[in-house]
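This report concerns only the one structure given below.
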2 protein chains.
Amino acid sequence: MKPSIPTGTRDFSPGDVRRRQYILKTISTVFELYGYQPLETPSMENLTTLMGKYGDEGDRLIFKILNNGLNNPVKAEKTRAAFENVLTGKNDPNLTERALRYDLTIPFARYVVMHQNDLALPFRRYQMQPVWRADSPQRGRYREFWQCDADVVGSNSLINEAELLAIYREAFNRLGVPGIQVKINSRKILAGLAECCGAPELMADITVAIDKLDKIGMEGVEKELLERGLTEEQIRFITSYLAIKGDTGAQLAEMASLLAGSDMAQRGITELQDTIALHNQLKNKDWDSQLVVDFTLARGLSYYTGIITEVSTTAVKMGSIGGGGRYDDLTGLFGLKGLSGVGISFGIDRIYDVMTELNLYPDTLATSTKVIFVNIEAEAAPAILGYVARLRQAGIASEYYPDKAKFDKQMKYADKRNIPFVGIVGSDELAASVITLKDMRNGEQKKLNAAEIVDFLSKAQ
Amino acid sequence: MKPSIPTGTRDFSPGDVRRRQYILKTISTVFELYGYQPLETPSMENLTTLMGKYGDEGDRLIFKILNNGLNNPVKAEKTRAAFENVLTGKNDPNLTERALRYDLTIPFARYVVMHQNDLALPFRRYQMQPVWRADSPQRGRYREFWQCDADVVGSNSLINEAELLAIYREAFNRLGVPGIQVKINSRKILAGLAECCGAPELMADITVAIDKLDKIGMEGVEKELLERGLTEEQIRFITSYLAIKGDTGAQLAEMASLLAGSDMAQRGITELQDTIALHNQLKNKDWDSQLVVDFTLARGLSYYTGIITEVSTTAVKMGSIGGGGRYDDLTGLFGLKGLSGVGISFGIDRIYDVMTELNLYPDTLATSTKVIFVNIEAEAAPAILGYVARLRQAGIASEYYPDKAKFDKQMKYADKRNIPFVGIVGSDELAASVITLKDMRNGEQKKLNAAEIVDFLSKAQ
């Protein structure tokens, strides 16, 4: 039997784990600096918690867990009925009542509702956990992948938006990703556009079309709008909307005039202005705080109601690496009305790919082991075990090759493992109570005693 | 609809996550010091990878994932056939071909076999991930829980055993868990006992019975052995085995003489002696290296073949909090013969409970936010946003209460969140460019400017 893993899933070898942990740790450190607290929810949720929250397509992609004990003869009748339901595409709690987490937002909403009496609001939480989707796997798309979200619930203040945008800056700055562009828009302006067109019911059609401007150009957008049932006059209005360019102040002023007929749009414009101002007050000399107002930005998820944002890098061709926005009534799904939320998400898998392509990981990530002692002289074992104990006590990760083997084989092992130093204790070294320490990068060797090796390796890179 | 989570699963609120992360981080730091590298495997494995590896009971407790697209009419016939199989207790790949990870050892073996051509052997890995079992939930037993394993594969050296035992010491020492007792035994000695009794086929019965000595006493063990088919003479022999006490040297010498008839037992005794000697050479002044030889220690899992170990604390009544041992042919299950492995496991949930009961967590774990600025004076917003930006740049986690609200409400919030300092900027402070900083623990207040608050909070606990 030749073992394999399910399509769309991955093993993460040590180097992969270290690189991913580096990304997650960097981001979580920034989340904590801004007062966000860690939350973890179960991998399984009740199927009723998840169904109907992600649209029909989402429902179809949820991984359901088979109930156990289906061969129980007492339940056979119900189980058979459940089978018939499944054949017609319906879920049945007699066959499956649990499912794997599909995102982190619905479990967060569920958590807030369940813990509403203990939570201090506003509640800021971050969550970094895998989610599962039965999508067709393809390059960059997996069936098990990580999400990394920060959300605050229970506050209407735009300070939250400003801080979340700052978190993007700070995190990508710390990760060293160049060319970061943070775009913002407001769903209220998009709603206002539809309103001013006299087609508020076509807002979704309008946003889907203009969202594609980058890809299909202005002519393509016009064609799509026509197909989606907008009149020539409406399309001319939308074209003038899309034509608004220039610096942020001029852009917002022109938009305020174009959408003068919509109170909703005016509120959206004011919110954008205020968010930008607050964000600038948070600025930090370490990072560029420039935000890009992009009136074509739409974000697919339908629950956003206010400011929306999307992050990309100009350094690599790779869609968005983060996004988010405000949603006015997320916990309403679970019966708790009137709590506003705003959040952002980091696209960990794409960030991983960007950082790999640009080689942005610190060199020291390759291995934590700094020295390995070869095992060539049986008599040296007690001395070497004493050395590694002393090194570890000083916080230096150390190994002793456990089996007696050919010197060359052990050197190759050290090399393959990227361990920077090899310690050699043969009979001469043993007699003199010293270690020959070889730097694997340049071949240099030196003889050191126990105290000296601790001192040397504490400082060595 | 009142939301809930599946039985046997848990939400981990911020404080829980911080405490668990503290435990996992402490243990992984020690793993890294000893050259163990992180590995992560998918939550889902092919059902064929897992089935038949954990016994009949294990097979029954594996969570299976329902295939998607079961309502596809083209597959209806196969799906119906699969239903019939499920009713008789058989798995069918047309209904379920994936399942949730049940432990970390089988995925590790599967990984090693799949990556055998790239891996540098010996391969030391640690893995800290959740596993899922459809067991009846009860106090301390969950359907989703964390395992935390370190294993080395591809080395026969007892240095590995010695180092793994040292890892237990070092990790529990760092966690501050008192009364740690590390017991060791060898499956070879247990096999030798059965051999000397003339009942090698009853080894499992003998070990199950003597494993209970603590609970049911010597009489209970004798009764159980009788019920399990051992003769009076055999039971007398086992009683003399169990009567061996004293210091380690005397114990081992006496055992060597009692089991003189078994080469297997002699090898086990030598291995115990060598492991203890190697472990003592690794000793470190920070921790007590005493190992307790316990000939009644058996460890349930049948794949162990050499040294076995179990850890507990005398400070709390709470079974074992860790265990492990050597297994000679784990990867053989997946067709790769002749690779020996040895590993240990930390019982994270129980360690969490022990540390909670003994209150062993650092005080600083409660929150990472050091200061929150109240929001009482709208004019102060730009100044406060500048302060929090400056504090964050200095690595001090800071918050600005985002909404204007009553002073008392905001103070209560700070208190509930366990935030140690509150920053107040009213109109007076704003005019004087200072912050009134209140220590929430003792009520003390002082006025500081921006540079002073950074300096003060950098040093404050």
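The numbers here are math on the coordinates, done by the rules we state, and not lab data. Values in this document were obtained by computation on a predicted structure and should not be read as measured data. Heads up, the Cβs are rebuilt from the backbone with ideal geometry, glycines too, and the neighbour counts pull from every protein chain shown.
Considering Cα pairs under 8 angstrom that are at least six residues apart, work out the relative contact order of the range B:44-100 and quote it in whole percent.
Over the range B:44-100, the number comes to 53 percent.
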From the Cα gyration tensor of the range A:145-225, with a ≥ b ≥ c the square roots of its eigenvalues, which class applies: rounded if a/c is under 1.5, or else prolate if a/b is larger than b/c, or else oblate? oblate
Classify the range A:367-459 as rounded, prolate or oblate, taking a ≥ b ≥ c as the square roots of the eigenvalues of its Cα gyration tensor: rounded when a/c is under 1.5, otherwise prolate if a/b is larger than b/c and oblate if not. rounded
Treating only the Cβ atoms of Lys and Arg (+1) and Asp and Glu (-1) as charged, compute the dipole magnitude of the protein assembly as shown about its Cα centre; round to the nearest 20 debye. 80 debye
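At 0.36 nm per residue, and after removing the present C-alpha to C-alpha distance, how many nm does the segment from A:Q461 to A:T48 gain when stretched out fully?
143.4 nm
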Of the DSSP beta bridges with both residues in the protein assembly as shown, give the percent that are antiparallel, rounding to the nearest 5. 80 percent
Under 21 Å from A:K416, Cα to Cα: lysines that are on another chain or at least 8 residues apart: A:K370, A:K404, A:K406, A:K438
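If R₀ is 60 angstrom, what is the calculated FRET efficiency for the pair A:A432 and A:A277, using the beta carbon separation as r and rounding to 0.05?
Computed FRET efficiency for A:A432 and A:A277 comes out at 0.30.
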Any chance you could run the full-extension gain for A:D353 through A:A204? It's 0.36 nm times the residue separation minus the Cα-Cα distance, nm to one decimal. 50.5 nm
With 31 Å as the limit, write out which pairs from A:K223/A:K337; A:K183/B:K25; A:K283/B:K447; B:K188/B:K223 have Cα-Cα distances beyond it, or answer none. A:K223/A:K337; A:K183/B:K25
Need one value for A:387-397: mean number of C-beta atoms belonging to other chains within 10 Å of its residues' C-beta atoms. 5
Note on the range A:180-313, DSSP bridge orientation, antiparallel percent to nearest 5 equals 70 percent
Given charges at beta-carbon only (K, R positive; D, E negative), |dipole| of chain B in Debye: 1420 debye
List the distances, in nm to one decimal, from the label point of A:L365 to the label points of the same position in every other copy, shortest first, placing each label point 7 Å from Cα along the Cα-to-Cβ direction. 2.8
Using only the Cα atoms of the range A:38-82, build the gyration tensor, take square roots of its eigenvalues as a ≥ b ≥ c, and label the shape rounded, prolate or oblate: rounded if a/c is under 1.5, else prolate if a/b is larger than b/c, else oblate. oblate
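What average count of beta carbons from other chains do you get within 10 Å of the Cβ of residues in B:156-164?
Per residue, the average neighbour count from other chains is 4.
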Position B:R174, label points 7 Å along Cα→Cβ, spacing to each other copy in nm (shortest first, one decimal): 2.1
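So in the range A:278-410, what percent of DSSP beta bridges are antiparallel if you round to the nearest 5?
Of all bridge pairs located within the range A:278-410, approximately 75 percent are antiparallel.
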Cα→Cβ-extended label distance, 7 Å offset, between A:D214 and B:K215, nm: 6.2 nm
Starting from a label point 7 Å past Cα on the Cβ side, list the distances from A:A378 to the same position in the other copies, nm, shortest first. 8.5
Between the range A:185-255 and the range B:272-347, how many Å separate their Cα centres? 67 Å
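Rounded to the nearest 0.05, what FRET efficiency is calculated for A:R10 and B:F407 with R0 set to 41 Å and r the Cβ-Cβ distance?
Result of the calculation: an efficiency of 0.20.
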If you put +1 on each Lys and Arg Cβ and -1 on each Asp and Glu Cβ, how big is the dipole of the range A:366-461 around its Cα centre, in Debye rounded to 20? 340 debye
FRET efficiency (B:L24, B:L242; Cβ distance; R0 51 Å; to 0.05) is 0.85
Just flag the trypsin sites (Lys or Arg not before Pro) in the range A:283-335 sitting in loop per DSSP whose Cβ has no more than 12 other Cβ atoms within 10 Å. A:K285, A:K317
Report the trypsin sites (Lys or Arg not before Pro) located in the range A:54-160 that are in a DSSP loop and have at most 15 other Cβ atoms inside 10 Å of their Cβ, or state none. A:K90, A:R139
